[in-house]
Amino acid sequence: MTYDVVVIGAGAAGLMCALTAGYAGRRVLVVDHANKAGKKILMSGGGRCNFTHLASGPANFYSGNPSFCISALKRYRPEHFVELVERHGVEYVEKTPGQLFCADSSKEILRVLLTECGWAGVEVRLKTAVEGVERRGEGMRLATSLGPIDCGALVVATGGLSIPTMGATGFGYDIARQFDLAVTETRAALVPFTLTSQWKARAEALAGVSCEVAVTCHGKRYREPLLFTHRGLSGPAMLQISSVWQPGDTLSIDLLPWRDAFEALCRARREMPRRRLSTWLGEQLPKRLAQALVEWHDDDGVLAEYGNARLQAWAEALQAWRVKPAGTEGWRTAEVTMGGVDTRAISSKTFAVPSLPQLRFIGEVLDVTGELGGHNFQWAWASGVACGNAL
Ligand SMILES: Cc1cc2nc3c(=O)[nH]c(=O)nc-3n(C[C@H](O)[C@H](O)[C@H](O)COP(=O)(O)OP(=O)(O)OC[C@H]3O[C@@H](n4cnc5c(N)ncnc54)[C@H](O)[C@@H]3O)c2cc1C
């Protein structure tokens, strides 16, 4: 079997690259070991795929080489993907500002990609294991469960390591290493935190409680909802900060990010001196959390009893709640992988390895990781299109 292009990985980036190259007249084959294409697309966004963020730009990405993503993101913007889904009649909603989700189901996004692949003449072979790849003159040869396949260009779109049960493997990294490309350290990101015994018990008692917070770590601050779970802390704020958190780090959580707590407590003491602290807290925060806070601090009096120093201590407890996670939930639940194939050895225009132009890497397998909110799919689309156009 001989193709112009073989793409390993029928995920978001691989399908987007394949259809782009197909429309450009290339004979394209996509192979994937999974029994279904786009499994992560299907499970994304709680089954409704947050397929882009209208304001997605380089500032929304982490990478050891931050300027690498600029070119592709500039050339294929969120509105291009919106135009594509609109052409296919996909209905969508803007949940939080800029974040676009399917109104109905993630299946719609996969339908768009597979339909376009069909129109572009792309062949997709599932349940196909790739046993190895080797350079063959100006092209590449793959050893697969279908037999040997030769191609002019091989695109590695095998994604990251999160959710191994969905088919994630480190195969893309192995290919990179085989051709002497560096792979930066990988770790689970956009992932909930686990807590140790005392804090775990406290979180467990509050499981299901959610409130808006601002969380800070390593100078990064995210203002989004926090969710207490049976094992620790989750919700968008925690998922976002997990991308910068390192084992041993302490998080600082502001439970009242929209106000100055000391000033508000002083005003409450002045205007409602007979009010109990827990009652006031219950007006600012979910009642279960307010009650838990006074229990943790073993302090609940009427506001008139509180001197400035005690109110200051409470303000600090509310605005700089310090929590040291035991760890994260890891690859089992992480949405993405931080790190990956080092982009310093990849062309930001074509996604080819300059010393071996028949080999290309796109999507999450690269050391480019988006924030929560549709940025990771935008990277998959943008890198896929940039590479597909250059094939
Ligand atoms: C639960 C969850 C929810 C998410 N929600 C969102 C969201 O709403 N918005 C957002 O922007 N991002 C979201 N993400 C992240 C997003 O899904 C990924 O960043 C994106 O899918 C990466 O695309 P990709 O094509 O690079 O890799 P993938 O989509 O992971 O595709 C890689 C493909 O390669 C195949 N493959 C792997 N190894 C091999 C091998 N050895 N041989 C053959 N095939 C192989 C896999 O089977 C897979 O089909 C979510 C992720 C998860 C896990």
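The values are calculated or read from the model by the stated rules, or taken from the named source; none is laboratory data. Quantities reported herein were computed from a predicted structural model and do not represent experimental measurements. Here the Cβ is made from the backbone with ideal geometry for all residues, glycine too, and neighbour counts use every protein chain on show.
Quick rundown of the values:
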| quantity | calculated |
| --- | --- |
| Strands (runs of 3 or more DSSP E) contained entirely in the stretch 109-177, each with at least 1 residues that are among the hydrophobic types (A, V, I, L, M, F, W, C) and out of contact with any Cys (no Cβ under 7 Å at 6 or more places or on another chain) | 130-136, 139-144, 147-156 |
| Test: residue 237 is aliphatic (A, V, I, L, M), closer than 30 Å to residue 305 by Cα and in a helix (DSSP H, G or I) | no |
| Qualifying position, being away from the ligand (no atom under 16 Å from the Cβ), more than 30 Å from residue 282 (Cβ to Cβ) and surrounded by 15 or more Cβ atoms within 10 Å (Cβ to Cβ), among 139, 159, 172 | 139 |
| Matching residues, the stretch 345-391, being β-branched (Val, Ile, Thr) and either within 13 Å of the ligand (Cβ to nearest atom) or within 13 Å of the chain's Cα centre (by Cα) (or both) | 362, 365, 368, 369, 385 |
| Odd one out for residue 292 among (1) in contact (Cβ under 8 Å) with a residue 60 or more places away in the chain; (2) outside the structural domain of residue 204 (by TED's automatic domain parsing); (3) surrounded by 15 or more Cβ atoms within 10 Å (Cβ to Cβ) | (2) |
| Pick from the stretch 49-65, criterion more than 8 Å from the ligand (Cβ to nearest atom) and part of a strand (DSSP E or B), ranking: nearest to residue 372 (Cα to Cα) | 61 |
| Residue count for the stretch 20-48, restricted to those that are part of a helix (DSSP H, G or I), touching a strand residue (DSSP E or B) at 6+ places or on another chain (Cβ under 9 Å) and near the ligand (Cβ under 8 Å from one of its atoms) | 4 |
| Any pair with Cβ under 7 angstrom, 6 or more apart, that starts in the stretch 115-138 at a residue that is in contact (Cβ under 8 Å) with a residue 60 or more places away in the chain and ends at one that is surrounded by fewer than 12 Cβ atoms within 10 Å (Cβ to Cβ) | 126/35; 127/35 |
| Options 288, 310: the member that is over 31 Å from the mean Cα position of the chain (by Cα), modelled with pLDDT of 95 or more and farther than 30 Å from residue 165 by Cβ | 310 |
| Where a residue in the stretch 1-19 is under 21 Å from residue 85 (Cα atoms) and more than 6 Å from the ligand (Cβ to nearest atom) and its partner, wherever it lies, is in a strand (DSSP E or B) and modelled with pLDDT of 95 or more, with Cβ under 6 Å and at least six apart | 17/7; 17/155; 18/7; 18/28; 18/30 |
| Per-region count, the stretch 308-348, residues more than 30 Å from residue 229 (Cβ to Cβ), touching an Asp or Glu at 6+ places or on another chain (Cβ under 8 Å) and β-branched (Val, Ile, Thr) | 2 |
| Hey, residue 68 near the ligand (Cβ under 8 Å from one of its atoms), at pLDDT 95 or above and outside any helix (DSSP H, G or I) or not | no |
